[in-house]
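Inspection log for the structure reproduced underneath, given as structure tokens.
The values are calculated or read from the model by the stated rules, or taken from the named source; none is laboratory data. All values derive from a computational prediction rather than experimental measurement. Cβ placement follows ideal geometry from the backbone for every residue including glycine, while neighbour counts extend to all protein chains displayed.
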Amino acid sequence: MRMNHRRMIRYRRHRGYGASALSFVTACWNGLWKETLFSVSSVSSVVSLLLCLFFLSSCHYARPNLSSEEMPQKTKDSLNYLYERHYTWNTNLELTADSILLECLPIKDTYINLYWGDRVVVAEFAVHPADSVDSVWVKLAHTQDEQGWIREVELKRSFVPTDSISQAIHLFSDTHASYFVVIFALFVGVYLLRAFRRKQLQMVYFNDIDSVYPLFLCLLMAFSATVYESMQVFVPDTWEHFYFNPTLSPFKVPFILSVFLLSIWLFVIVSLAVLDDLFRQLTPSAAIFYLLGLMSCCIFCYFFFILMAHIYIGYLFLILFILVFVKKVYWNSRYKYCCGHCGEKLKEKGVCPHCGAINE
């Protein structure tokens, strides 16, 4: 295109059009180029805006339509409480604190003691605007005779839903640090033992097994941790609603929760693939050691990306991690053959560089 343009200019100069024709053509070309750039940038801006609006709108639960006159008022109130406070009447809760006091209002200085493991049900809500600590009070019923009031902020701090998924979330978020310390200590102990006995050490990415699944598992953990922390930072109400109303289905939930749940399911599937590859390629003792190292790597990725995503650097590290994984997949795809003698991968048929066997 540039060569034709120059030929046209030279031809016009030869015919005597002069510098004015050249300036006219240049101006037209620049105007067309700027107009094209402007249109492209405008379209990209509109697309980016639409994507942002879609993402923001898909990060929250959709409120039900309460305009129907046939719906009872009690049902409307229950649904309003559910989407405002994320729990409603008849929600079952379990006490996780050592003990707590329920006030027997309106009688003052009268309390009911509850202890760890006691279960209650939400019976009523009340608003006290004069309360400087928390204006929302919740009535809890332990038995028919034992009922009392507690501030909502204390309820959320001391109680957990009785649903097994909610309790698993609470357990993991409450004790993951101790789990990390134990697994890391086991990893270091076995590492030192094997180093002392001078055996070959295999780890994720470094001297890895012939599989991309272990690194992919770490990437999934990093991705899940980043999405989890993003919900905590940007849409905490969405996560709180999921905490009180959990599900394992990635459907009929906001988009960001669908992505999170799909990553969890994919993590489980890839874990099975890792176990299959691991025990086919390593001895049982080496496989157990490798699993300890893999668990330590996954937990490290969990902590690292949660901390980094909280200060917005985690997204950059996640992109770098994805590039590292893509590079590993690319290098693994270059090996199309394997040696019939030692089993090592080969780029082409011929002499094996590992054992010297000839492969035809």
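A compact table of results
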{"item": "Criterion: assigned to a helix (DSSP H, G or I), of a type in the set (A, V, I, L, M) and surrounded by fewer than 20 Cβ atoms within 10 Å (Cβ to Cβ) - qualifying residue of LEU257, LEU278, LEU292", "result": "LEU292"}
{"item": "Checking SER271 against (1) more than 24 Å from LYS156 (Cα to Cα); (2) touching a residue at least 24 places away in the same chain (Cβ under 8 Å); (3) not in a helix (DSSP H, G or I), the condition it does not meet", "result": "(3)"}
{"item": "Search result, residues across the stretch 202-251 that are under 19 Å from PHE267 (Cβ atoms), of a type in the set (A, V, I, L, M, F, W, C) and without any contact (Cβ under 8 Å) to a residue 24 or more places away in the chain", "result": "TRP239, PHE242, PHE251"}
{"item": "Failed condition for PHE180, given (1) surrounded by 15 or more Cβ atoms within 10 Å (Cβ to Cβ); (2) at pLDDT 90 or above; (3) part of a helix (DSSP H, G or I)", "result": "(2)"}
{"item": "Any chance SER285 is without any contact (Cβ under 8 Å) to a residue 12 or more places away in the chain and among the small types (Gly, Ala, Ser)", "result": "yes"}
{"item": "Number of positions in the stretch 82-122 that are surrounded by 15 or more Cβ atoms within 10 Å (Cβ to Cβ), assigned to a strand (DSSP E or B) and among the hydrophobic types (A, V, I, L, M, F, W, C)", "result": "9"}
{"item": "In the stretch 160-174, residue surrounded by the most Cβ atoms within 10 Å (Cβ to Cβ) [restricted to those that are within 13 Å of ASN245 (Cα to Cα) and among the polar types (S, T, N, Q)]", "result": "SER166"}
{"item": "Pairs where the first residue, in the stretch 84-97, is on the phi > 0 side of the Ramachandran plot and touching a residue at least 40 places away in the same chain (Cβ under 8 Å) and the second is crowded, with 16+ Cβ neighbours inside 10 Å and β-branched (Val, Ile, Thr), C-beta under 8 Å, 6+ apart", "result": "none"}
{"item": "Residue in the stretch 150-173 that is over 32 Å from the mean Cα position of the chain (by Cα) and over 30 Å from SER296 (Cβ atoms) present", "result": "yes"}
{"item": "Residue satisfying condition, being in contact with a Lys or Arg (Cβ under 7 Å, 6 or more places away or on another chain) and either at pLDDT 85 or above or within 25 Å of PHE242 (Cβ to Cβ) (or both), within set ALA97, ALA62, ALA123", "result": "ALA123"}
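A quick yes/no check of all residues on (1) under 16 Å from GLU94 (Cβ atoms); (2) touching a residue at least 40 places away in the same chain (Cβ under 8 Å):
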position	(1), (2)
ASP109	no, no
VAL122	yes, no
VAL127	no, no
VAL138	yes, no
ALA141	yes, no
VAL153	no, no
LYS156	yes, no
PHE159	yes, yes
THR162	yes, yes
